[in-house]
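Derivation of every value follows stated rules applied to the coordinates shown; laboratory data play no part. Note that the structure is predicted; figures quoted are calculated from it, not measured. All Cβ positions, glycine included, derive from the backbone under ideal geometry; neighbour counts span all protein chains shown.
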Amino acid sequence: MQKYVVGNWKMHGSRSSAQALVSAVAACSSPAEVVVCPPFTLLSQVASALAGTAVKLGAQDCAHEAQGAYTGDISAPMLKEAGCAYVIVGHSERRQHHFESNDKIRKKALAAMEAGLTPIICVGENAEERKSGQAEANVAQQLKHCMPDSGHFLLAYEPVWAIGSGQTPTGDDIVRMHAHIAGLTPSPILYGGSVKGANAAAILSLPGVSGVLVGGASLDAGEFGTIIKSV
Ligand code: PGA
């Protein structure tokens, strides 16, 4: 099974920190497909730094249209031209702060594939849904409306309550949710939410886990290196 290690830098990084981080990441050898997703303004610089390495470039969002009057948006063909191979869509922070609907996320995923990018489509339940036993039903509902019918894409299961909190589901819960999602799509399924050097090997070895989507720990060269090497 191909494993993926994806670093989502979110709204972090400067020209100097990016250079140092990317050099360290590129020096880690691993059988995994390693992807770094910096903010838009650092894409070109990171693309140059990654040239000739096995590490791939990704973006954190794309527009649902290829071009047009969409002030502030960045389209998938623009990301492709900037050197991206991947783009995250439907991250819970986009759903929360930018009110992105499942329908919009599906359109973004389709636009990404149309441009030759691989979308990484994020889904996951919140704490209340987990507590009330609705986690699987909620994720199935999200997938029903945000997942394209066909094409090459990755899914990332990210419980909202696990993101940036230091909390993770139990191994059994991750296995159960990944099996549930695998019943709905043959696409690779990554886990995301408080993945660090210390828990990466255990999570990556769970059945049905094709990789990890890493936020905070992807900004630390040592932590991210440990995650990459644990594959
Ligand atoms: P975290 O974020 O690793 O900091 O929990 C994961 C994500 O939001 O993709």
Quote to one decimal, in nm, the extra length available between Asp149 and Asp220 on full extension: 0.36 nm per residue of separation minus the C-alpha distance between them. 21.9 nm
Cβ neighbours within 10 Å, averaged per peptide: list 81-92, 30-41 in order, most packed at the top. 81-92, 30-41
Any chance you could list P(r) for segment 152-216, counting all Cα-Cα pairs in 5 angstrom bins from zero, rounded to whole %? 4, 20, 33, 26, 13, 4, 0
Please work out the Cα center distance from segment 126-166 to segment 58-104, rounded to the nearest Å. 19 Å
Please state the Cα pair-distance histogram of the chain with 5 angstrom bins from zero: what percent is in each bin? 1, 7, 16, 20, 21, 17, 11, 5, 1, 0
Apply the Karplus parameterisation 6.51 cos²θ - 1.76 cosθ + 1.60, with θ equal to phi minus 60°, to every residue of segment 86-102 and state each ³J(HN,Hα) to the nearest whole Hz, in sequence, with x for glycine and proline. 10, 8, 6, 10, x, 4, 4, 6, 6, 4, 6, 8, 10, 6, 6, 8, 4
Between His98, His152, His64, find the one with the highest GNM mean-square fluctuation for the chain; connect C-alpha pairs within less than 10 Å. His98
Kindly flag which residue pairs out of Lys144/Lys229; Lys107/Lys144; Lys10/Lys104; Lys80/Lys144 have an alpha-carbon separation exceeding 25 Å in this structure. Lys144/Lys229; Lys80/Lys144
Quick one: which residues, 5 or more positions from Gly211 or on another chain, have an amide H under 5 Å from its amide H? H modelled 1.01 Å from N in the peptide plane, none for Pro or chain starts. Tyr4, Tyr191
Taking amide H positions as placed 1.01 Å from N in the peptide plane, with prolines and chain starts having none, which residues 5 or more places from Ile121, or on another chain, fall under 5 Å of its amide H? Val89, Leu154, Leu155, Ala156
Quick one: Karplus J couplings for segment 204-212, per residue in order, coefficients 6.51, -1.76, 1.60, θ = phi - 60°, nearest Hz, x for Gly and Pro? 5, 8, 5, x, x, 9, 8, x, 9
Please list, ordered by chain and number, the residues whose modelled amide H lies under 5 Å from the amide H of Ala59; skip anything fewer than 5 residues away on the same chain. Tyr86, Val87, Ile88
Pairs of alpha carbons in segment 67-173 whose separation is greater than 23 Å (percent): 31 percent
When all Cα-Cα pair distances of segment 94-231 are considered, the percent exceeding 27 Å is 18 percent
Whole-Hz Karplus ³J(HN,Hα) for segment 76-83, in order, using 6.51 cos²θ - 1.76 cosθ + 1.60 and θ = phi - 60°, x for Gly and Pro? 4, x, 5, 5, 4, 5, 6, x
Taking the Cα centre of the chain as the origin and placing charges on Cβ (Lys, Arg +1; Asp, Glu -1), which of Ala135, Ile88, Gly225 is farthest toward the positive end of the dipole? Gly225
